[in-house]
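Remarks on the structure that follows.
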Amino acid sequence: MLLPENTVWLGFIGSLIAGSMTGVGALGVFFIRRLSTSLEDILLSAAAGVMLAASIFSLLLPGIEEASAQGFNASGSVIIVLSGMMLGAAALAIIYRCTPHQHFRKPFPDSDSKALKRIWLFVLAIALHNFPEGMAVGVGFAKGDLENGLTLTLGIGLQNIPEGLAVAISLLAVGYRSAYAFSVAFLTGLIEPVGGLFGAALVSISQPLLPWVLGGAAGAMLFVISDEIIPQTHNRGHEGLATFSLLGGFAVMMYLDTVFA
Ligand SMILES: [Zn+2]
């Protein structure tokens, strides 16, 4: 059990570490010039699989446990977490509808200015989805459970590596220099500690909010997986590869969560 006054800091630092892994992935831009569409679909699907398992095993199930520990019966606990989940998904749906972003996909090389616009909207989409990821890590620590927080840091950090690489390579593809592409990708990862601080602070203000916030972070991630990543990794002819990469990512995170948390 962690002291409540430390959980906000741990949540911030954990989400900062996880977010920095985006920069580790983006370092690849100094070694690789381009990614094939199949490799990109594999990498982003694996990231989605990790996010999916993290939503279930690190957020929804602990959220239900937390609600029961607060005295709710089985049905009440599930309904609380599900309500948080729906609210989280709805919040992200509204943010996505109001933000002009490009779905997770490389730009078509149509006109230069169009390709540029697409790529920046893609960067924005990745940056946006890092907020609930950071929140997930922050809330994991805010629960007062160090193992859960560390597992989320590791899992979310892992799936940020391919995401950072995808962003940086896409910027390179439209003509930006490697150092610039790396810096922008790294910056998208720094959205995570903002989400982490937000989630951890929310829970430290009110412990009864915890099952709601755990559900909310899961709902926001599930929204991104279904609305962005699955459709976009299944429309270029690599559906089988994408599905099994998602399952692979899911397996890795399920293993981490079961063995270490
Ligand atoms: Zn992600």
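Where a number appears in this text, it was derived from the coordinates with a stated rule and is not lab data. Given the structure is predicted, the values throughout are model-derived calculations rather than measurements. Methodologically, a virtual Cβ is constructed for each residue, glycine included, from the backbone with ideal geometry; neighbour enumeration extends over all protein chains shown.
Of Leu60, Gly195, Ile169, whose Cα points farthest to the positive end of the dipole of the chain (charges on the beta-carbon: +1 Lys, Arg; -1 Asp, Glu; origin at the Cα centre)?
So the residue furthest toward the plus end is Ile169.
Quick one: Karplus J couplings for the stretch 206-217, per residue in order, coefficients 6.51, -1.76, 1.60, θ = phi - 60°, nearest Hz, x for Gly and Pro?
Rounded to whole hertz, the list is 9, 4, x, 6, 3, x, 5, 6, 4, x, x, 5.
Can you tell me the order of 228-241, 154-167 when each peptide is scored by its average per-residue count of other Cβ atoms within 10 angstrom, highest first?
Numbers: 228-241: 17.4, 154-167: 25.6.
Descending mean neighbour count gives 154-167, 228-241.
Angle check, please: helix 37-53 long axis (alpha carbons) against the longest principal axis of the chain (alpha carbons), in degrees 0 to 90, nearest 10.
That works out to roughly 10 degrees.
Quick check: convex hull over the Cα atoms of the stretch 4-260, volume per residue in Å³, rounded to an integer? Show your work: numbers first, answer last.
Working: hull volume 28.0 nm³, N = 257.
Each residue corresponds to 109 Å³ of Cα convex hull volume.
Against the longest principal axis of the chain, how steep is helix 191-205, in degrees 0 to 90 to the nearest 10, with axes from Cα atoms?
Value to nearest ten degrees: 10.
Pop the C-beta distance of Gln207 and Thr243 into the FRET formula with R0 = 35 Å and round what comes out to the nearest 0.05. Write down the numbers at each step before the final one.
Values: r = 39 Å, r/R0 = 1.12.
It comes to 0.35.
Angle, helix 74-98 long axis vs. longest principal axis of the chain, Cα atoms, 0 to 90°, nearest 10?
Between helix and principal axis, roughly 30 degrees.
Would you work out which of Ser226, Met85, Val8 lies farthest towards the positive end of the dipole of the chain, given +1 charges on the beta-carbon of Lys and Arg and -1 on that of Asp and Glu, about the Cα centre?
About the Cα centre, the residue reaching furthest to the positive side is Ser226.
Can you give the calculated 222 nm mean residue ellipticity of the chain, where each DSSP H run of n ≥ 4 adds -39,500 (n - 2.57) and the sum is split over every residue, rounded to the nearest 500 deg cm²/dmol? All intermediate terms of the calculation are to be shown ahead of the outcome.
Working: 11 runs with 201 residues, N = 261.
Value at 222 nm, helices only, nearest 500: -26000 deg cm²/dmol.
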